[in-house]
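**Student:** One structure follows; several queries about it will come next.
The values are calculated or read from the model by the stated rules, or taken from the named source; none is laboratory data. These figures come from a predicted structure and were not determined experimentally. Backbone-built Cβ (ideal geometry, glycine too); neighbour counts: all protein chains shown.
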Amino acid sequence: MAELKDWNRQYFCKPLDTPYLFYVVYGDFDVDFKLSGTQYQTKGLPSGIDLMQYGPNAHPEVPKSYLEGYFWEALKTDNPTLAEQIENAKECYIFVGNVADTNTLNYYRDIIGLIAYLLDHGGVAVYDLQTVTFWDKKDWINDIFSPNAPQPKEHVMILCYDEDEDDTKWLHTRGMRKYGRPDISIQAVPEDKEQAAIALLNTLIEFQAQGGIVDENYTIEIEGLPKTMWCEPQGDFEDPMFNNKHIEVYWE
């Protein structure tokens, strides 16, 4: 097999938390996993990740067990064709587990390639439980697999909630645990600072995915935001809003 392109992390200096991934691939599959690593840009299943198959002959209740909650109901409204394909799928493959936090994202490259292989052999959709996001086959192949690059902003969601007072918003990320890094939260965001706050979130998504560590000493320098802002690590992996630790960004 030809040498694969490493997904190096330019800001990595030391390990933090172990990256955690959880993907469900739906379809009716015809696979033997005798795939070309060069074609699919993968060296196989990363150490620490389990691959399980469920269907009519093995725990048939599992595939539909993830199809519930707000985001599933939203998919049925926004993309009923994809939702129907998922509901009609007879099988699913699940990738789940923790990998070592290292100076490359090769583990993520390898998982993306294996998922592309499954989609090319009967798969119809991918469900990312870390961001509660559903991908159809076309979008995964074109937007996630084909670029052959980390693209962390494609894998991390920015959520926005209206707060009760002063017409402010709460912005936070979800999905940074896939990189072994905390999610980011900014509360009390006024309307005139919203775009700058989103720019900060995108900066921290990219920095952390590339191995950087955000702590109390991190300096925030984003045009449109005050230089008095500071960061504080908080939470744990059981926090239901993140399923991850997080960094709270304070205004002053």
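**Student:** From the list Gly235, Gly212, exactly one residue is touching a His at 6+ places or on another chain (Cβ under 8 Å) and among the small types (Gly, Ala, Ser). Which is it?
**Tutor:** Result: Gly235 is the single residue among Gly235, Gly212 that is touching a His at 6+ places or on another chain (Cβ under 8 Å) and among the small types (Gly, Ala, Ser).
**Student:** Here is a further query. Look at Ala83 and say whether it is farther than 27 Å from Trp7 by Cβ, in contact with a helix residue (DSSP H, G or I) (Cβ under 7 Å, 6 or more places away or on another chain) and not charged (D, E, K, R).
**Tutor:** yes
**Student:** Also, I was wondering about something else. Just wondering, is there one or more residues in segment 105-120 that are in contact (Cβ under 8 Å) with a residue 24 or more places away in the chain and surrounded by fewer than 16 Cβ atoms within 10 Å (Cβ to Cβ)?
**Tutor:** For segment 105-120, residues in contact (Cβ under 8 Å) with a residue 24 or more places away in the chain and surrounded by fewer than 16 Cβ atoms within 10 Å (Cβ to Cβ): absent.
**Student:** Additional query: Within segment 15-30, does at least one residue satisfy the condition of being among the polar types (S, T, N, Q) and at pLDDT 95 or above?
**Tutor:** Yes.
**Student:** For the structure I just gave you, tell me whether Ile213 is under 20 Å from the mean Cα position of the chain (by Cα), aliphatic (A, V, I, L, M) and either at pLDDT below 95 or farther than 15 Å from Thr173 by Cβ (or both).
**Tutor:** It is true that Ile213 is under 20 Å from the mean Cα position of the chain (by Cα), aliphatic (A, V, I, L, M) and either at pLDDT below 95 or farther than 15 Å from Thr173 by Cβ (or both).
**Student:** In addition: Out of all the residues in segment 172-189, which are more than 28 Å from Tyr127 (Cα to Cα) and in contact with a helix residue (DSSP H, G or I) (Cβ under 9 Å, 6 or more places away or on another chain)?
**Tutor:** The answer is Val189, and nothing else.
**Student:** Just wondering, is there one or more residues in segment 43-60 that are under 23 Å from Ser146 (Cβ atoms), among the β-branched types (Val, Ile, Thr) and either at pLDDT 95 or above or more than 21 Å from the chain's Cα centre (by Cα) (or both)?
**Tutor:** yes
**Student:** Something else: Take residues that are touching a residue at least 40 places away in the same chain (Cβ under 8 Å), touching a Gly at 6+ places or on another chain (Cβ under 6 Å) and of a type outside the set (A, V, I, L, M) and tell me which of the strands (runs of 3 or more DSSP E) falling wholly in segment 139-252 contain 1 or more.
**Tutor:** Details: elements: 157-162, 169-174, 183-189, 230-234, 246-250.
It comes to 246-250.
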